[in-house]
Each structure stands twice: as C-alpha cells, then as structure tokens.
Ligand SMILES: Cc1cc2nc3c(=O)[nH]c(=O)nc-3n(C[C@H](O)[C@H](O)[C@H](O)COP(=O)(O)O)c2cc1C
Ligand code: SF4
Ligand code: SF4
Ligand code: SF4
Ligand code: FES
C-alpha cells in the first residue's frame, strides 16, 4: 500500500468529497461509505479511510473494524476477475475441494491472493445459491455450474484470453 | 389471432446452466415476429433440467429441458412457428404428459406461485395474477388487529429457522409503543445448501414487497428494509426494479391507495458474514456496525433498528402473507399437520437425481420428497443421509427416511427444519468429513465474542482433523460430546448454540464410521486423503500412459505398454488418474 500513500491531498479531496457529501449527517452509513470507497479505489485504501474519517464523525478504527469484519471488503487491490469458488455443503459433497485445489494450483496462488499479472483474485465463498448445479464458481458476476477440475480451468482460460 | 409466448428461465441457476446464449439465439430466430412475446422468467424449480424454454400457444403450454443453442432452433422452427410440438426433452405439458408432470403435481405452490411463470421485471404480470389484491384488501377494509389475527390463525410459522408463529411476532411488534417502527426482511440466506430465498427474490420480488407492506400495516411501521446478501446480484437488481415500479403504481410510498397508510422500502446489501443472519447481528449490520449478536432481551420487537420496534421475518415467510390474506387463514391451514401448517419449500441438492426447488405440504415424509419428487439417488448409489438445517442442523440417516417434514418431527431427529436446505449424501460421502466441514464453517464464521464458540469449535475441529487423518483415539468421541454440551450452554447466539448439531447427529447415527476411522484407520467412503490409496492393478493396466500424463504431481511412472505404478508418498489423492484410465485399472482403497 505504500506506493499509493504519496497521492496529493488535492486528489483525495477530488475523489472523496463527493462521497463524504453523500453521507454527511446520516446515520448507519459505515458499510455503504466503505463500499463507495472500495468502488472508487478498487479496494479500501488506507489513506482514503483516514481522510474520510477526519471529515466525518467516525473514527478510523471503527471504520477499519467494520472493513475487516465483512468478507466484502478488501484491504488490497483486486484482480480484474474475482473468482469465487463455492465451498458450500452441496458443492462440498460434489467435489468442490478438488476444483478449488486445481484452480489454485493452476493459477499458482492461494485463496485470497491475486495472480501476478493482476487478472485473477481467488476467493472461497459459503454458497452461491445455485446448489443444484454444484460444484459452482462465480467469475465476476457470472455463475458457472457443474464444474470438474479440468472444466474450471478451461473456463478461466477463456476469461484470460478475453483479457 | 392466436397468441404465442415463449418463456425462458433466467434465474441465476438458469444462467449458470447456459440460458444466456439460448436467449440470444431465440431473439435472433424470432426477430421478424413481433407478435410473439419472449418472456424472461425466474426459476420454476426444475433446476436439473435447465436451461428451460416454455412455449405457450393460446394458454396451452409445453416446456422443454436442457435446451441448447442448437435445439432452440428446432423448437422455434417446428413448434413456435410450425405449430407442431416436439416430443424430445418434453419436461412439462399442460395436458399432463411431460416427464416431470407427476413431480409437479405432488406439489402445492403457495410461496412459489409465480416463480418461473411471470417476468419479475414486469409489475403488470404480477398484478394479473392477483398481485397487490391482498394489500388493497388490507388497507381498505381491515384493521391492524384483523391482519395479524388472520396471520396468526393461519398457523404460519417463521420459515427462517426457528419456526416462531409469525402472527404472534407481528402482534408483539404492533403492541410495542413507538412513533417509528421497522419491518425487516432477512434475505441473508446464509445456510449453505439452501437457495429458496434467492429464487423467490429473483423470480417474484413483488411477493416480498407486498408481504412486507402488509406487515408494515399490521404492526404500524412505515419503513421497510430488505437485508440481502451481496452474493445475489440478480436478486438485488430485480428487487430494485420491483421497488421502483411499486412506487410508481402507488403500492409503496405516501398514502398508499388513498388509505393514509405510508410505507417506504430500501435494500441493504449484506457484506458476507454468516452471523449477520442472526437478528440482533443483522440489526447491528443495518446500523452500519460490525454484525455482532447481542443478548436478548430487549427483543427486536421492543428495540430493533436504531432502537425502534422492529419485526424481522424471512423471505419465504413474507412470500406466504399475500396468499393468506387473499385466500383466508382457513385455506392455508388446510395444508400441513399438527402445529406445522401450510407448505414448505425445500432446496434439493447434493447426490440427488433431480435437484432443484420443491414446495410440498408440511408433513410429507422425507422419503417422498427425496424419492418421488427428487428422483432418488443417481448412479445406482446407496442413500446414506440427508443434511437439513445447515450448520445448525444435522444428518438424518436412512432409518429415519419416513420422518414427516414438520418442525417437531424433524427436531426430534436432532436435525432442524432450518430454512429448508436438503443436501443428500450417498455412500461416497464420509460423515466425519461432513461434520468437519460444518465445524470449519462455523469456526470461520464465529464472530469471536464467546470463548466457547470461538475456542471450543476450534478444539472440536482439531479432534475431527485428527480422526480424518487416522490419528483419533477412542476417548475422542467422549471428548467431542463433552465439548458439544459446553459450547451449547456457553454461547450467546444461535450460531454457537447450534454449532455442535452436525457433530452430535453424526456421532448418534454414524458412530460405526467414526470407529472405522479411529480403530481401523479406514475411511469407508474412501474420502479422507490420509486414509486412502490409489492403486493400479497390473493385471488390467495396458500401459497407455494416460494416467501418468494426467497426474498433476508426477506420482505415476512406467513404460509404454507396461503396467504403471503410483508412488503413494507423492500422490496427493486428486483422483485424476482414476477418471482418466480407459480400462478401469485404477482403484481406491
Ligand atoms: C447464525 C444465524 C444465522 C441465521 N441466518 C439466517 C438467514 O440467513 N436467513 C433467515 O431468514 N434467518 C436466519 N437466521 C434466523 C434469524 O435470526 C431469525 O430467526 C429469522 O430471520 C426470523 O424470521 P422468521 O420468523 O420469518 O423465521 C439465522 C440465525 C442464526 C442464529
Ligand atoms: S455464539 Fe459465536 S457467533 Fe454467537 S455471539 Fe458468541 S461467538 Fe459470536
Ligand atoms: S490420485 Fe492424483 S496425484 Fe495421485 S496418482 Fe492419481 S493423478 Fe496422481
Ligand atoms: S491409464 Fe490405466 S491403463 Fe493407462 S497406464 Fe494408467 S493405469 Fe494403465
Ligand atoms: S453449496 Fe455451492 S452453490 Fe450452494
């Protein structure tokens, strides 16, 4: 994160003041506020949180507390495609562990990590609600079902080709 | 002129099965035919047959399954344009001759009344099927007390897990004093293996909106919040569209239908934490805090969202409400047995031939749901157990297959009804592995507040890990049981209190499998990696080298046309070699 700490305060103002204005004076907004920061930066950038917390009446520690509690927030930048491999019950009994293993081996990363070329981030999720097509994974907003280890690699390579 | 409608199932399960290219093809094929309507509908529940395309000509409908880009061309040319029904892949037919007709006929559709039938993006299609009639009836001719009494009389109980009488909950919230009150819909659907809420949210969002507005009227609330998990982007999209349309038509907002009753509705996206489905944690999350449960009382009915009286119900619970108001409590309570009235939606998944969503009257035996409706176990395998209630539930064994699906009977087995997920397991499923799976789930999802939940489940997980590695001791079973009771007693919320259930039921019904791991160092289902070995039968092996090429870790060696061997110390038990062998020379022990 150190490379981004050199941004000028001018840039912070430009990017974040519209977000601050949107939520100023409202209650219960920590989650959408963080979500907007994440939308703006691609992740919950530390200096953005510090800036926003100073402008609004929320402590930075409270904001980080929320950011680290929920799976939705990332404290690091993410790849172009987020792969969410379902590790729910139905997928588990249908062999999602071997799909997850094969994908990790193929991409050379562990769950939670991003490939060096910045294309894929690998995540495990609890259930995608498409259990009847188990095992299932989501790439971006698209759900792919009835996976086998080789089929999942094929699908990912198609995304890679698309760039 | 005859009217033709072509419907395509575009729930997220349909899309996952490949509905998008089929839809695109359909649109191209019908480009020159503006008189033919193409309708995108949600999931009808026959997930195992998706993608589904239904052709409706003058009210007579025929549904085709496993439709591909190629077969849709046939359907369009011969049936839609040519007027001749195709015989292959005929799933449902309004004259009753489709292969899934008997399965659909066994069901009673109250919650799923519109799913897979209407276009969720079009409010008019909802209204055509008596949508918003119940809300109209409520605001124009009923008192709040009459509304919650009707719901109470119907016998409807919460479908989110605990089964608390819905009408009673509404009554408490109504009697609670406050200038501002909230109606919350719990659409977090945290249980892995359950997907009924997703289907209703995607396929019939107005049913939830109408149910919530009626609840608002019954308890005196003017604000509604739907807390929906972020992993359901299509549900959120369809809900947003539906809310906008309901506002435009005056079913939401100020002074609904001139009655003086006002109700607004917002969506809050969940952020991916299982514990947020627990009501007090959900309230904290809505307020923008970490979703940590807090002790009750005060109950949400007294002090909920921002300290105001709040009523929280599950998606399926709300989906029942408009139907009850329209048809009356008596009609609803006709279905069911004992204290479980109405229907229940089940999500069938796992080792089942016909996975998908089904809605049956309460009290139907599990066997009937799994075999008659779900088509039984595929590949001639043996049924071993059905997991119900997710991480809070348990595994029901073969001997108890005749248990009726109602709250009390399911509880008596040690499982719970939960939200209605049924994950079927066959002889290839290891029950210790399943118990371990659920424990690692709750271990990950525990909010960490209670030491018993946080550390106790970790200890249990370590023990189960040991057992699956063949390093278990006989005393481990007693140790597990002791921990189960301590965690149940020492946890603040339902997550910790129920976390031991999968372990308790597997020990109760599958103790011999535990013993096989502990005493014989054997995994009967050949699942646990440390206890199994892949072996090549030199008699059968023809030396084709396929297995060696497929092995990701180069554990297989041998010369062409000579028997190959697996180096067990390198093998990671991925099973790839076994599937790639053309002569079935590889087995697992
Ligand atoms: C850890 C935990 C997770 C839960 N997750 C959900 C959920 O995802 N959806 C749901 O409707 N209820 C869930 N519940 C149950 C709710 O707390 C609550 O009982 C329910 O939403 C009430 O609605 P009902 O009366 O309509 O069932 C969960 C409970 C616990 C303890
Ligand atoms: S039981 Fe577990 S999840 Fe519930 S409050 Fe305690 S630690 Fe948190
Ligand atoms: S199970 Fe997998 S790792 Fe083991 S020998 Fe076969 S292919 Fe190789
Ligand atoms: S794939 Fe089967 S037949 Fe071919 S070398 Fe391997 S074990 Fe022998
Ligand atoms: S368990 Fe994987 S989609 Fe539900």
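The values are calculated or read from the model by the stated rules, or taken from the named source; none is laboratory data. Computed from a prediction, not measured in an experiment: that's the story for all the values here. Cβ atoms come from the backbone with ideal geometry, glycine included; neighbour counts cover every protein chain shown.
Only one of the listed residues (A:90, A:35) is at the interface with another protein chain (Cβ under 10 Å from one of its Cβ atoms), closer than 24 Å to residue B:270 by Cβ and touching a strand residue (DSSP E or B) at 6+ places or on another chain (Cβ under 7 Å). That residue is A:90. Number of residues in region B:145-188 that are within 14 Å of chain A (Cβ to nearest Cβ) and more than 16 Å from ligand 5 (Cβ to nearest atom) equals 3. All of B:355, B:350, B:420, B:394 fail the test of being in contact (Cβ under 8 Å) with a residue 60 or more places away in the chain, in contact with a helix residue (DSSP H, G or I) (Cβ under 6 Å, 6 or more places away or on another chain) and farther than 23 Å from residue B:13 by Cα, apart from B:394.
Taken over region A:125-163, the criterion of being assigned to a loop (DSSP other than H, G, I, E, B) and closer than 21 Å to residue B:552 by Cβ is satisfied by A:135, A:147, A:148.
For (1) under 21 Å from residue B:483 (Cβ atoms); (2) within 11 Å of chain A (Cβ to nearest Cβ); (3) touching a strand residue (DSSP E or B) at 6+ places or on another chain (Cβ under 7 Å); (4) buried (at least 24 other Cβ atoms within 10 Å of the Cβ), each residue gets a yes or a no:
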residue	(1), (2), (3), (4)
B:367	no, no, no, no
B:396	no, no, yes, no
B:404	no, no, yes, no
B:420	no, no, yes, yes
B:462	yes, no, no, no
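The set of residues in region B:70-88 that are in a loop (DSSP other than H, G, I, E, B) and out of contact with any helix residue (DSSP H, G or I) (no Cβ under 7 Å at 6 or more places or on another chain) comprises B:82, B:83, B:87, B:88.
Collect the residues in region B:383-411 that are more than 16 Å from residue B:509 (Cα to Cα) and assigned to a loop (DSSP other than H, G, I, E, B), keeping them in residue-number order.
Correct list: B:389, B:405, B:406.
Yes or no, residue by residue, for (1) in contact with a strand residue (DSSP E or B) (Cβ under 9 Å, 6 or more places away or on another chain); (2) surrounded by 23 or more Cβ atoms within 10 Å (Cβ to Cβ); (3) part of a loop (DSSP other than H, G, I, E, B):
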site: B:2; (1), (2), (3): yes, no, yes
site: B:5; (1), (2), (3): yes, no, no
site: B:8; (1), (2), (3): yes, no, no
site: B:13; (1), (2), (3): yes, yes, no
site: B:25; (1), (2), (3): no, no, no
site: B:32; (1), (2), (3): no, no, yes
site: B:38; (1), (2), (3): yes, no, no
site: B:43; (1), (2), (3): yes, yes, yes
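If you go through region B:301-313 one residue at a time, how many are in a loop (DSSP other than H, G, I, E, B) and in contact (Cβ under 8 Å) with a residue 24 or more places away in the chain? Step through it out loud before you land on a result.
The first filter runs over region B:301-313 and keeps only residues in a loop (DSSP other than H, G, I, E, B), leaving B:301-304, B:308-309.
Going one step further and asking which of them are in contact (Cβ under 8 Å) with a residue 24 or more places away in the chain, we end up with B:301-302, B:304, B:308-309.
Residues in region B:301-313 being in a loop (DSSP other than H, G, I, E, B) and in contact (Cβ under 8 Å) with a residue 24 or more places away in the chain: 5 in total.
If I filter region B:560-575 down to residues being away from chain A (no Cβ under 14 Å) and under 26 Å from residue B:469 (Cα atoms), which single residue comes out as farthest from ligand 2 (Cβ to nearest atom)?
Of the residues in region B:560-575, the ones away from chain A (no Cβ under 14 Å) are B:560-570.
Then keep just the ones that are under 26 Å from residue B:469 (Cα atoms); that gives B:565-570.
Numbers: B:565: 49, B:566: 43, B:567: 44, B:568: 40, B:569: 40, B:570: 40 Å.
The extreme case among them is B:565.
Can you work out which of the residues in region A:69-85 that are at the interface with another protein chain (Cβ under 9 Å from one of its Cβ atoms) and either more than 16 Å from ligand 1 (Cβ to nearest atom) or touching a strand residue (DSSP E or B) at 6+ places or on another chain (Cβ under 6 Å) (or both) is modelled with the lowest pLDDT?
Of everything passing the filter in region A:69-85, A:73 is modelled with the lowest pLDDT.
Condition check for residue A:70 on (1) in contact with a helix residue (DSSP H, G or I) (Cβ under 8 Å, 6 or more places away or on another chain); (2) away from ligand 2 (no atom under 16 Å from the Cβ): one failure, at (2).
Can you name the residue in region A:91-134 that is within 16 Å of ligand 1 (Cβ to nearest atom) and touching a helix residue (DSSP H, G or I) at 6+ places or on another chain (Cβ under 7 Å) and, of all such residues, is nearest to residue B:434 (Cα to Cα)?
Applying the first criterion (within 16 Å of ligand 1 (Cβ to nearest atom)) to region A:91-134 yields A:125-129, A:131.
From what's left, touching a helix residue (DSSP H, G or I) at 6+ places or on another chain (Cβ under 7 Å): A:126, A:129, A:131.
Numbers: A:126: 15, A:129: 19, A:131: 16 Å.
Looking at the filtered set, the residue picked out is A:126.
Just to be sure, is residue B:270 at pLDDT below 95, under 20 Å from residue B:205 (Cβ atoms) and surrounded by 23 or more Cβ atoms within 10 Å (Cβ to Cβ)?
Numbers: at pLDDT below 95: yes; under 20 Å from residue B:205 (Cβ atoms): yes; surrounded by 23 or more Cβ atoms within 10 Å (Cβ to Cβ): yes.
Yes; evaluated as a whole, the condition is true for this residue.
The set of residues from region B:309-356 being within 16 Å of ligand 1 (Cβ to nearest atom) and within 11 Å of another protein chain (Cβ to nearest Cβ) comprises just one member, B:347.
I'd like the full set of residues that are part of a strand (DSSP E or B) and within 30 Å of residue B:430 (Cβ to Cβ), limited to region B:314-364.
Step one: filter region B:314-364 for residues part of a strand (DSSP E or B), giving B:314, B:336-337, B:340-341, B:343-350, B:356-361.
Correct list: B:344, B:345, B:346, B:347, B:348, B:349, B:350, B:356, B:357, B:358, B:360.
If the condition is being in a loop (DSSP other than H, G, I, E, B) and near ligand 4 (Cβ under 9 Å from one of its atoms), then region B:562-575 contributes B:562, B:563, B:564.
With respect to the conditions (1) touching a helix residue (DSSP H, G or I) at 6+ places or on another chain (Cβ under 8 Å); (2) surrounded by fewer than 21 Cβ atoms within 10 Å (Cβ to Cβ); (3) modelled with pLDDT of 95 or more; (4) farther than 19 Å from residue B:393 by Cβ, residue B:523 lacks only one, and its number is (2).
Exactly one residue out of A:102, A:62, A:116 is surrounded by fewer than 16 Cβ atoms within 10 Å (Cβ to Cβ) and within 11 Å of another protein chain (Cβ to nearest Cβ): that is A:62.
Note on region B:267-288: among residues that are part of a loop (DSSP other than H, G, I, E, B) and either facing another protein chain (nearest Cβ under 7 Å) or in contact with a strand residue (DSSP E or B) (Cβ under 9 Å, 6 or more places away or on another chain) (or both), the one that is farthest from ligand 1 (Cβ to nearest atom) is B:288. Against the definition (within 14 Å of chain A (Cβ to nearest Cβ), within 13 Å of ligand 4 (Cβ to nearest atom), surrounded by fewer than 20 Cβ atoms within 10 Å (Cβ to Cβ) and modelled with pLDDT under 95), how does residue B:578 come out, yes or no? Yes; evaluated as a whole, the condition is true for this residue.
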